[in-house]
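Undergrad: Structure incoming, see below.
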Amino acid sequence: MEPGLLVASPQMRDPNFERAVVLLVQHTAQGALGLVINRAARVRVGEVVQHLDMPGTAEPLQRPALWGGPVERGAGFVLYKGLAPEGWKAGGVAVSPSRERLAALVGAGAEFHLCLGYAGWGPGQLDRELTEGSWVFVDGASELVFDTPLSERYDRALALLGVPAELLWMTPISE
């Protein structure tokens, strides 16, 4: 599966992923890694930057970091427009785990988001969840990440399918 967006089924009841939009960064036979892009973390970007002893006072530092998922909440990933030589490209979004990339973006006053933590799936787990109807895959990551407010990302991601959330009912596929 190519990188893009995973949108939680409206019937998803896992509190970690209910109404979640996940930027799927990597999906291989060994598992998958994604970042929740529609939930604010409890800390501001500036607090993280200050903790890492990086200078900066730009507007992006005043907004909350994103809660990237329940795994390794201390791990950070920077989402930005451009090339990701040390990370991944996911649906038009560059993703980097590099502290140096964060420092460069802060120093340049560039537009970016900082995700803390991530969502992870073991071998075959995401494939099973897709088959069961827990997630739906959509394109359009860049516009959702950079041009859509957090509170609107879930509904806009579903709208990319052409179906409103109240009309989308996903149930497991029976064999």
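Bear in mind these aren't lab numbers, they're just calculated from the coordinates by the rules spelled out. None of these values were measured; they are calculated from a predicted model. Cβ sites come from the backbone with ideal geometry, for glycine too, and all protein chains shown count toward neighbours.
Undergrad: Taking only C-alpha pairs under 8 Å that are 6+ residues apart, what is the relative contact order of the chain in percent?
TA: Over the chain, the number comes to 28 percent.
Undergrad: Can you list the trypsin sites (Lys or Arg not before Pro) in segment 13-101 that are in a DSSP coil and have 14 or fewer other beta carbons within 10 angstrom?
TA: Passing sites in segment 13-101 are ARG13, LYS81.
Undergrad: How much length is gained if the chain between GLN125 and GLN50 is pulled fully straight, taking 0.36 nm per residue apart and subtracting their Cα-Cα distance, in nm to one decimal?
TA: My answer for the length gained is 23.3 nm.
Undergrad: Something else now. For the chain, take the convex hull of the Cα atoms, compute a quarter of its surface area, and give me that in nm², please.
TA: For the chain, the mean projected area of the Cα convex hull comes to 10.0 nm².
Undergrad: Restricting to Cα pairs below 8 Å that are 6+ residues apart, what does the relative contact order work out to for segment 1-54? Please round to a whole percent.
TA: That works out to 26 percent.
Undergrad: Here is a follow-up. Antiparallel as a % of all DSSP beta bridges within the chain, to the nearest 5?
TA: 95
Undergrad: When the Cα centres of segment 129-158 and segment 1-54 are compared, how far apart do they sit, in Å?
TA: One Cα centre to the other: 11 Å.
Undergrad: From the phi angles alone, apply the Karplus equation (6.51, -1.76, 1.60; θ = phi - 60°) to segment 91-100 and give each ³J(HN,Hα) in whole Hz, x where the residue is Gly or Pro.
TA: x, x, 10, 7, 10, 9, x, 7, 5, 5
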